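The values are calculated or read from the model by the stated rules, or taken from the named source; none is laboratory data. The model shown is predicted, which means the values in this text are computed figures rather than measured ones. All Cβ positions, even for glycine, are placed from backbone atoms using ideal geometry, and neighbour counts span all protein chains on display.
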Amino acid sequence: MAEFLDLESQDSVRMPWNVLPGTKADAANCVIPISAVYTPLKPLPAATPLLPYSPLRCRNCRSVISPFSIVDFSSINKIWICSFCLQRNHFPPHYQSISEQNLPAELFPQYTTIEYETTAPHEKAQAGSSNVFLFVVDTCVIEEELGFLKSALLQVLGMVPENCLIGLITFGTYVHVHELGFGQLPKVHVFKGTKEVTKDQLLEQMGFFTKRPRPTTGVIAGVRDGLSQESVARFLLPASDCEFVLNSILEELQKDPWPVPSDQRAARCTGTALSLAAHLLGVCVPGSGARIMAFLGGPSTEGPGAIVSKSLSEPIRSHKDLDKDSVPHYHKAVKFYEALSKQLVHQGHVLDVFACALDQMNIEDYFTLRTGYGLVLKAMVGVAELKVAIEKTGGLVVLAESFGHSVFKDSLRRVFQSGDNDLGLSSNGIFEINCSKDIKIQGIIGPCASLDKKGPLCSETVIGQGNTTAWKLCGLDKTTSFYQHGSGQMRLRATTLSRRWVAGPGIKEDLISGFDQEAAAVVMARQVSFKMETESQSAKAYKQI
Amino acid sequence: MPPSNPAQTTLPPNMVPARPTGPPPGSRPPPFASRPPPPGALPSPVAGTAAPPNSAAGPRPGPFSSSPLTSGPSAPPQMSSHGPVSNGPPAFAPGMAQSGPRFPPAMGGMPRPSVGPPQSPPMLSSGPSSQPLQVRPSFGSPPAGVSSSIGQPAPPFSTPSQAPPFSAPSQAPPFSASPQNMPPPPGSSPFSPPVPGVLHSSGSPFGMQTWPPQQQQQQVAPPPPIPGAMQKPQMFGMPPGQPPLPNQSMSLGQTGQSKIDPNQIPRLSTSSSVILHETRHDNQANPPPPATSDYIVKDTGNCSPRYIRCTINQIPCTVDLLSTSAMQLALLVQPLALPHPSEEPIQVVDFGESGPVRCSRCKGYINPFMKFIDQGRRFICNFCGFTDETPRDYHCNLGPDGRRRDADERPELCRGTVEFIASKEYMVRDPMPAVFFFLIDVSMNAIQTGATAAACSAISQVISDLPEGPRTMVGIATFDSTIHFYNLKRALQQPLMLIVPDVQDVYTPLESDVIVQLAECRQHLEILLESIPTMFQNNRIADSAFGAAVKAAFLAMKNTGGKLLVFQSVLPSTGIGSLSAREAEGRSNISAGEKEAHKLLQPVDKTLKTMAIEFAEYQVCVDLFITTQTYVDIASLSVVPKTTGGQVYYYYPFSALSDSAKLYNDLRWNVMRPQGFEAVMRVRCSQGIQVQEYSGNFCKRIPTDVDLPAIDCDKTIMVSLKHDDKLQEGSECAFQCALLYTTVYGQRRIRVSTLSLPCTNMLSNLFRSADLDTQFACILKQAANEIPSGPLAQVRDQATNACINILYSYRKFCATVSSSGQLILPEALKLLPLYTLALLKSNGLRTDGRIDDRSFWMNYISPLPTPLVIPLVYPRMIAIHELDEKELELDDSIIPTSIPLSSEHISDDGIYLLENGQDCLIYVGTSVQQNVLQQLFGISSVEEISNQLEIVQEGRFIRDDVFLLHGRRQDT
């Protein structure tokens, strides 16, 4: 057991089979799939250096140089051989001085996992730019809850680092996008909850082109492309600049004023609000780390992504309904949130959900969500649909009975806390896998989104998100291979593993010696829960176990 | 046409428009007319119109009198012998034709003292008008005035260059009083014939006695005074020295003599004494005094003429008789008209839960003409003739005279107008609160021209004039390419701005807090109005989403209804109901533009109309204040106010300097004036007559009723009537207007006005009892209604024909055979030709007007009350240099009597104010005394007036004055 733990501390990886079966038939006999559980942001051993340069990549398969690469110091032009595709690569000129005695850190055998600090050219402008938090607050809650929520948010505002950009959207029947940068009056852009707004409409309607004409061609993307800093700064302001305005808005924040008939649910347009939030971030800060933090007080009933109608006579779908497929809103909502998650992934933004609801709690609606390091959080009514967006963007889900509950308050605080116990939130990662020719990648089960990078390494059988060798992890907590660190630096973490394989008869002992029981349990759990969500016959999944 | 003809639009050199805007044209000494398009300022009728009968005797050519020269009589002589044909006008021809040639010498010798300085350009904009708009074939003549007008110094108020069919009326002294036998005692009646020489027979002018045609022969035309010298260019056709024809009071000379005493020209009587009018006398309807006169009504059974006026005060028994007369039968209904301060207030009657007594068949309301029979147990409806049981608790015995004994105690049985308190059955919901929602354009143009600031300041000032009490609610929103609402709730530290960005599919952002009680948000409102202009100071959004903003505001008001006051500055260019600059498109494509010119006066599509109907359904009334410097397509925009019972105000070209005060004044009156909400109106008529059509600013969902989201004291509805049966001679025909409305203080009321008029079989009675002002108002309103639907020439023809046909009918059937050269006018309608001519020169009936000006003109007329109709085409002129002297004498009547629009009444050292109920002009004579100038304007010489600063001062002066006039208009 201990050896597995050592390996994990070095590489943040655990595998059920640390000795691999050599043939397909053997692999099939193993039942537990050959897999690796990777925690991308797990702290590295303290001695591991941070390399202040970009990594060398194989010019054939783009894999990163590692201690497993064979380096030919003898030839005049020093050459390294890619451990995956065996391609011979020349070292660039600044590596000329290396020798067996003078190895770069990435070739040290103990640094199979190492971080590079990279700054891609187009990222330069962003260097130093800070994280963005866009609060999306549900106002369809009773006064008491709203009070709790307000005080929690006010408290959080005090904790946000000063250079973080902050935005605020409140919603109920309508979506209110608050313009924080307007001094004379509190100013709110009001969007209809029932109608989805496209990004172009948003650009047009929120007056992004009044001061300067709209570029006739090209994509509008933040200050770099087409927008003035001024127009962006109306909605997203450094915490230090908007603290006062935000405080007064939150203090005067009222319950959604539209009357709710006694036989109806409040009109809550969660979908529209989230979609607007995504558009706003996509317009203002595409590609840089940003989190949409949604505070929800109940099921969405209005607009796209509604999960139930407003009439109270219609119950909220239960797990059983989902199984029976008697869920009128479910598929539409899921489709909507899938599109939303795609957009968020594309923009590199995270969706976090803090859901607190007193009514309509239904134990069957709980389901589990995995986060990077195995913390299991419960999610609630309405999250079944939302989940896809949260999961793919690597967001957090916090569920509590009330905004006054300590679970909510503590969780929220932890998100912003700095120090040893912080979640170490990072964002905007890309996760790539390269492997030896004999192994193919079936897929990933985890909080990430496929980047659709197909190649010969992709297996035909797909598990989770497959058909790719690269994934995006928009939000990470102590998690990835290529990510934006909280300090704003871009880092690349390369982990290279090598495991021996055995073939032929009598391999069983060998295989068993390399079996990691805990890892296997985790892998199976994930696979099963994944199947339960995706396949209608959950009974089948149980049987499989 | 003579190219040198001054345009109608010409202003006298020293006329100072009341609303100076731009800098005065530097090159011109006279300070007037700084506003670019003066054509709109005043309709031409100023030109060459008649002087009052009592005016000074001597022909004094003055700046105002020269018009006839240019518009001169034009019929060729060969037409002279024509008998009257259907269109009549040839009767004029001989005189005109013959007088024509005489003009040149006359002009030559004519002193023209008051014409502006010779060096000053005679006209401001004569261009378009030099083209003949049309030459009516019936008058058929090349304008003979050509020769006479060439080389003339431009008359200050020039006439239209096109030859008007009648030529200028002022030159037609032969319009003498008609050969009626009943001219009123001189001086006492507004109907008094202007011609001193007319033989008066006895009888009250308003009397009902019949008028045997033979009596005409007793009429003797006044001996026309023959001016010795040819000073008077506008005379024509009076045979000098020739004895008048026996049966014509006035004639057009056939002998080629063209001298006529201007004193004999029919003029608008401007008696300043107040007339006491009893609506019924000896159980007979009393014909009302002229609408423009100052009168006090005593309601003795019929309603006051302020509420209902009929075009003819006796009702023709048959449709044939009516069509023979060529007059129209119509009512002008102004249910909430302002009473004279000395009149008794309308009595309010409460029938309790059961509501007012009504006929069970036609639902007519109880009125003094319902006949109680059978000891009062039953009553006969004076509309449908049905016999109803008297409700038990309403029963009362009859007296010996057949009237109920309590008739004099019960207002509904002895007054023409009463107000019933509406019972529950008249309410579909609780009476609505008084909601005022202000919607302000803050697009770039509006901000930069100062329109936004002017609107905000005006609103801020009128807040205190809104009705007091908890029922008054206000809301405010601004818009450019998006719509900005404001949450005014007092709990908030400051107003919260809520932006509705989607202008294709609008919504109201809040259910309640956008419209709040005035008392609750006064402070927020003040802060907000103060900060709006600065808040949008740097707004670069040129687009304006008018339609969407109005719709959004409507949605916010939908629950209550109310008044939506919109301040718009540019052409709506985005969102629902956006419009295009189709005027420019029309200009660029001239051939199509000519043919389709009237299409530009129609709404471009149905979008706004559909919206407006929905507004009306939810009792939202839209008033539109257009403060613009460009084309805004009023034709399309105006559909909204027109359909919702609102009105259009037009400030063009907007100048923050001079228009702000007017905007404030208009807005103030708009919110202050007596008004009602969620109103429904219906007019009922006695059997034999029915309502054909309503016309005015309202929404019509079912043919019998008129829906008025709001109605105020200035709104008039024209009700045209038709026969569906014969009426009995000697009987009376009754009309009843019932208006169910909610007062600003939340009471539901039914105002019922009943007018009962005698029926007659005599054509002459019809002419005698014709109501000039109402007749003309109908002609005017019909013309305005027709303009968008046909070529202009056709509309002009229709208006002219309406007048001609009446005169022709009179001549043919009521006057004895007379020489074809004589013009015979019915006494009651003697000014109809004058007004008709003036009408043809109005903005709306000219091709050279801007499309928006014409659209506005049409819209202005649509709800126009009768007393304002006449000044619109024939403005009032007041000598203001005499003002302060009189002020010392009388405190209460500061305004001197108006003087005729004729040059002989203008003197060189005078200052004159010309006012048409909408705009003012000030004419400053060239040799005005310094002290007068000093007193009025604070300047020492005329030249200084051109100074911008002085214009501002003037503006202030005029404003005071206009306000007085306005006040008086309300009284009248």
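Points worth noting:
- Total residues in the range B:621-648, condition within 17 Å of B:Pro572 (Cβ to Cβ) and in a strand (DSSP E or B): 7
- Residue match in the range B:689-704 (condition: over 21 Å from B:Asp773 (Cβ atoms), surrounded by 21 or more Cβ atoms within 10 Å (Cβ to Cβ) and among the hydroxyl-bearing types (Ser, Thr, Tyr)): no
- Segments classed as strands (runs of 3 or more DSSP E), wholly inside the range B:677-736, with at least 1 members that are over 30 Å from B:Met473 (Cβ atoms) and aliphatic (A, V, I, L, M): B:689-695, B:717-723
- Scanning the range A:67-90 for residues that are in contact (Cβ under 8 Å) with a residue 40 or more places away in the chain and in contact with a helix residue (DSSP H, G or I) (Cβ under 7 Å, 6 or more places away or on another chain) yields a total of 1.
- Among residues of the range B:403-421 being free of Cβ contacts under 8 Å to residues at least 40 places away in the same chain and in contact with a strand residue (DSSP E or B) (Cβ under 8 Å, 6 or more places away or on another chain), the one that is surrounded by the most Cβ atoms within 10 Å (Cβ to Cβ) is B:Arg404.
- The range B:703-727 - residue that is hydroxyl-bearing (Ser, Thr, Tyr) and over 16 Å from the mean Cα position of the chain (by Cα) and, of those, farthest from B:Leu864 (Cα to Cα): B:Thr704
- Remark: pairs (first residue in the range B:434-445, polar (S, T, N, Q); second residue buried (at least 24 other Cβ atoms within 10 Å of the Cβ); Cβ separation under 7 Å; 6+ apart in sequence or on different chains) = B:Ser443/B:Asp480; B:Ser443/B:Ser544; B:Ser443/B:Ser569; B:Ser443/B:Val570; B:Asn445/B:Ser569; B:Asn445/B:Val570.
- Test: residue in the range B:451-469 that is touching a residue at least 24 places away in the same chain (Cβ under 8 Å), buried (at least 23 other Cβ atoms within 10 Å of the Cβ), farther than 21 Å from B:Gln675 by Cβ and among the β-branched types (Val, Ile, Thr): yes
- Condition met for B:Leu766 (more than 26 Å from the chain's Cα centre (by Cα), under 22 Å from B:Thr279 (Cβ atoms), in contact (Cβ under 8 Å) with a residue 60 or more places away in the chain and not in a strand (DSSP E or B)): no
- Test for B:Ile463: is it closer than 30 Å to B:Asn559 by Cβ, modelled with pLDDT of 95 or more and in contact with a strand residue (DSSP E or B) (Cβ under 9 Å, 6 or more places away or on another chain): no
- B:Ser531 being within 8 Å of another protein chain (Cβ to nearest Cβ), on the phi < 0 side of the Ramachandran plot, in a helix (DSSP H, G or I) and not aromatic (Phe, Trp, Tyr): yes
- Scope the range A:159-193; condition in a loop (DSSP other than H, G, I, E, B), within 10 Å of another protein chain (Cβ to nearest Cβ) and either in contact with a Phe, Trp or Tyr (Cβ under 9 Å, 6 or more places away or on another chain) or buried (at least 19 other Cβ atoms within 10 Å of the Cβ) (or both); matching residues: A:Thr173, A:Leu185, A:Pro186, A:Gly193
- Index of the failed condition, B:Ser655 passing every other in (1) in contact (Cβ under 8 Å) with a residue 60 or more places away in the chain; (2) under 18 Å from B:Gln602 (Cβ atoms): (2)
- Hey, B:Phe615 over 19 Å from B:Ala784 (Cβ atoms) and not in a helix (DSSP H, G or I) or not: no
- Residues of the range B:650-669 satisfying the condition of being crowded, with 22+ Cβ neighbours inside 10 Å and closer than 16 Å to B:Ile634 by Cβ: B:Tyr650, B:Tyr651, B:Tyr652, B:Phe654
- Of all residues making up the range B:534-549, the number that are within 11 Å of chain A (Cβ to nearest Cβ), crowded, with 16+ Cβ neighbours inside 10 Å and assigned to a helix (DSSP H, G or I): 1
- Applying the criterion of being out of contact with any helix residue (DSSP H, G or I) (no Cβ under 6 Å at 6 or more places or on another chain) and assigned to a helix (DSSP H, G or I) to the residues of the range B:588-597, the residue that is modelled with the highest pLDDT is B:Ala597.
- Candidate set from the range B:327-371 (those that are among the acidic types (Asp, Glu) and part of a loop (DSSP other than H, G, I, E, B)); member that is nearest to the chain's Cα centre (by Cα): B:Glu343
- Selection over the range B:377-392 of residues that are under 40 Å from the mean Cα position of the chain (by Cα) and part of a loop (DSSP other than H, G, I, E, B) gives a count of 6.
- When the criteria are applied in full, B:Ile380 fails the requirement of being away from chain A (no Cβ under 14 Å) and crowded, with 18+ Cβ neighbours inside 10 Å.
- Qualifying strands (runs of 3 or more DSSP E) (wholly inside the range B:430-526; at least 3 residues being within 13 Å of chain A (Cβ to nearest Cβ)): B:472-479, B:483-487, B:496-500
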